[in-house]
Amino acid sequence: NAGVTQTPKFRVLKTGQSMTLLCAQDMNHEYMYWYRQDPGMGLRLIHYSVGEGTTAKGEVPDGYNVSRLKKQNFLLGLESAAPSQTSVYFCASGQGPGRGTGELFFGEGSRLTVL
Amino acid sequence: TQLLEQSPQFLSIQEGENLTVYCNSSSVFSSLQWYRQEPGEGPVLLVTVVTGGEVKKLKRLTFQFGDARKDSSLHITAAQPGDTGLYLCAGDAGNNRKLIWGLGTSLAVNP
């Protein structure tokens with residue numbers, strides 16, 4: 001079972017470079033999320049999507065863009081990377097809060113370093 | 001703004017000891033989830049509690065949802081090194097599309 005797959009798992013960028021993180025899920029989930037996790041800050045929601053073609057801002061959306069062109073994929077883009085974006089990024093998917101248990105399934109994370 | 005406060009933030013104990021982790025809020029949640037995250041991995045769901053006063057057991061782990069559905073606790077009996085990890089609580093307010101996350105409790109169980 002693949003579940004939620006994130007690529008790449010590691011990446012080093014220079015300030016100002018751009019990149020895209022890809023998240024793919026094979027559970028036919030409607031909801032998908034991008035979080036960043038930093039020491040002492042917990043999981044912070046960047047953007048999320050409640051279905052194909054939809055996106056919405058989370059707590060910390062600045063400097064990031066997302067797209068959900070296909071139900072199974074959720075892309076996170078950094079147009080001009082900054083050192084403050086050094087973090088571990090997690091993608092998650094689920095049926096959505098309020099539906100069933102609301103459980104989220106997470107990928108293994110993508111560790112991004114911006115120099 | 002809805003918040004979930006977890007305590008303690010860090011916990012280092014010896015194998016065989018008992019411990020309790022708390023997750024508190026001033027807000028009411030329709031359900032509350034507990035996740036465990038191991039180094040280099042994403043969080044994995046342990047349990048979801050839905051009913052006020054509900055108690056769920058998962059082997060040596062006991063989860064309780066407060067009567068008013070504003071708080072929850074996780075009790076581990078006879079902790080083992082395999083219990084080491086970051087424990088996260090997350091609340092579902094039910095009226096929006098996002099979970100509210102606590103900052104986590106980092107548990108280290110020493111042999």
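The values are calculated or read from the model by the stated rules, or taken from the named source; none is laboratory data. Given the structure is predicted, the values throughout are model-derived calculations rather than measurements. Reconstructed Cβ throughout: ideal geometry from the backbone, glycine too, with neighbour counts over all protein chains shown.
Taking the condition of being within 27 Å of B:Pro81 (Cα to Cα), outside any strand (DSSP E or B) and within 14 Å of chain A (Cβ to nearest Cβ), how many residues in the stretch B:9-53 meet it? Give the derivation first.
Going through the stretch B:9-53, the residues within 27 Å of B:Pro81 (Cα to Cα) turn out to be B:9-24, B:32-49.
Among the residues that remain, those that are also outside any strand (DSSP E or B) are: B:9, B:15-18, B:38-43.
Remaining after also requiring within 14 Å of chain A (Cβ to nearest Cβ): B:9, B:38-43.
Looking only at that region, the number is 7.
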Quiz item: Within the stretch B:72-87, is even one residue within 14 Å of chain A (Cβ to nearest Cβ) and under 15 Å from B:Ser7 (Cβ atoms)?
Solution: yes
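Residues A:His47, A:His29: which one is within 13 Å of chain B (Cβ to nearest Cβ) and touching a residue at least 40 places away in the same chain (Cβ under 8 Å)?
Just a single option satisfies the conditions, and that option is A:His29.
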Quiz item: In the stretch A:98-115, what residues are more than 9 Å from chain B (Cβ to nearest Cβ), assigned to a loop (DSSP other than H, G, I, E, B) and modelled with pLDDT of 85 or more?
Solution: A:Leu115
Quiz item: In this structure, is A:Leu76 touching a helix residue (DSSP H, G or I) at 6+ places or on another chain (Cβ under 9 Å) and part of a strand (DSSP E or B)?
Solution: no
Practice problem: Working only within the stretch A:16-31, note down all residues that are crowded, with 19+ Cβ neighbours inside 10 Å and either modelled with pLDDT of 95 or more or touching a Leu at 6+ places or on another chain (Cβ under 8 Å) (or both). | Solution: A:Leu21, A:Cys23, A:Ala24, A:Gln25
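Residue-wise test of (1) over 18 Å from A:Gly102 (Cβ atoms); (2) facing chain B (nearest Cβ under 9 Å); (3) over 10 Å from the mean Cα position of the chain (by Cα); (4) surrounded by 13 or more Cβ atoms within 10 Å (Cβ to Cβ).
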position	(1), (2), (3), (4)
A:Phe10	yes, no, yes, no
A:Lys14	yes, no, yes, no
A:Gly51	no, no, yes, yes
A:Ala56	no, yes, yes, yes
Quiz item: Is it true that B:Asp67 is of a type in the set (Asp, Glu) and closer than 19 Å to B:Glu5 by Cα?
Solution: yes
